[in-house]
Amino acid sequence: MRKLPNFFVVGAAKAGTTSLYYYLKQHPEIYMSPIKEPHFFSKDINVNLFRKHYRKTVSIDTKNYFSKPKLKELPSVFITEYEDYVQLFREVKDEKAIGEASVSYLYSKVAAREIYKFNPNSKIIIILRDPIERAYSHYIMDLRSGFTDEADFIKAVINDYNKLQKGWGISNLYIELGLYYEQVKRYLEVFPKENVKIILYDDYKNQTEKVIKEIFLFLDVDSNFLPDISKKYNSGAVPKYLKFNKMVREIYSEIRSFIPQRILNILREIYANVFWERNYKTISNEERKILLEFFRDDIEKLSNLIEKDLTIWLS
């Protein structure tokens, strides 16, 4: 009998889901998909429309991948076939909680319903970060990944917001991914309230052990287990030379499938040490003021919806 996922970390993007994935994975009663983000239930996101560079980073030869006896850990791959998706959980033994962590599920307009159809008893975990801080973190990641070479944060956001062709994998969605009200409402309308756990990123960051314990309780696994939370994941860095970095990342996306992973890891580390800057400026008060106008109404509606004080996001 197949054992399939019964909980989903659905986002938000750039809100600590990668670290949570690794903390959950350490628990002996929890099984996490080897592909952290399989995106299977985001049925309204069309991989064929993705810009070339991004499409290559989230695509694999699934036949070759699933032919291996041990599935390799990967960050993000758009899995579209049901049989491929269920194979991600073929190594489940007697774990009680089985999950994955696809951040596109919060943005997708259909993922909540699709997950419910798949398993109406699913438990949903949502981490919400100040949308302005989230947008800035997303921008820094895109600089590093070569998805933008615009040195001015506000220009990058406004240009992306005004694009005619928009969507996951098509544009960067700095604003859209932080408009949480409708995204969260979709889950609260489909799932029982007790099956949806909403966490604020600042609580998760500042009281990690406490929040992890709450999540273990929510998933009905041993809450006394303490994972190693010392390692930081997806720590920020920006390239020193933006256009050069974008060119390098595009070349990397073309050749990475032909180079052994061990060699890739060495090359990435060398490149990061030489060409990345880890001490970069934080978002300014003026930039916050500009972006707050995009988010103010949504934050106020979200606060009422989830019954949490979000005043700090409005300052």
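Here, each number is a calculation from the coordinates, and none is a lab measurement. Because the structure is predicted, anything quoted here is derived from the model rather than measured. No Cβ is skipped: glycine too gets one built from the backbone with ideal geometry, and neighbour counts run over all protein chains shown.
Each Cα pair of the chain feeds into the Kirkwood radius, which the Stokes-Einstein equation turns, at 25 °C and 0.890 mPa s, into a diffusion coefficient of 120 µm²/s.
Neighbours of Pro34 by Cβ distance under 9 Å: Lys/Arg scored +1, Asp/Glu scored -1, total +1. A simple count of charges around Glu83, restricted to other residues whose Cβ falls under 13 Å of its Cβ and scoring Lys, Arg +1 and Asp, Glu -1, yields +1. Could you let me know the centre-to-centre spacing of the range 89-156 and the range 1-17, using Cα atoms, in angstrom? What the calculation gives is 9 Å, centre to centre.
Counting charges near Lys193 (Lys, Arg +1; Asp, Glu -1) among other residues having Cβ under 14 Å from its Cβ returns a value of +2.
With the simple spin-label model, which puts each label point 7 Å out from Cα in the Cβ direction, the Val47 to Glu250 separation comes to 2.3 nm.
A crude spin-label estimate for the pair Ile290 and Lys166, with each label 7 Å from Cα along the Cβ direction, gives 1.7 nm. With the helix formula -39500 (n - 2.57) applied to DSSP H stretches of n ≥ 4, the chain reaches a computed 222 nm mean residue ellipticity of -13500 deg cm²/dmol. Each pair of Cα atoms in the range 1-64 enters the Kirkwood radius, and Stokes-Einstein at 25 °C and 0.890 mPa s then converts it into a translational diffusion coefficient of 174 µm²/s.
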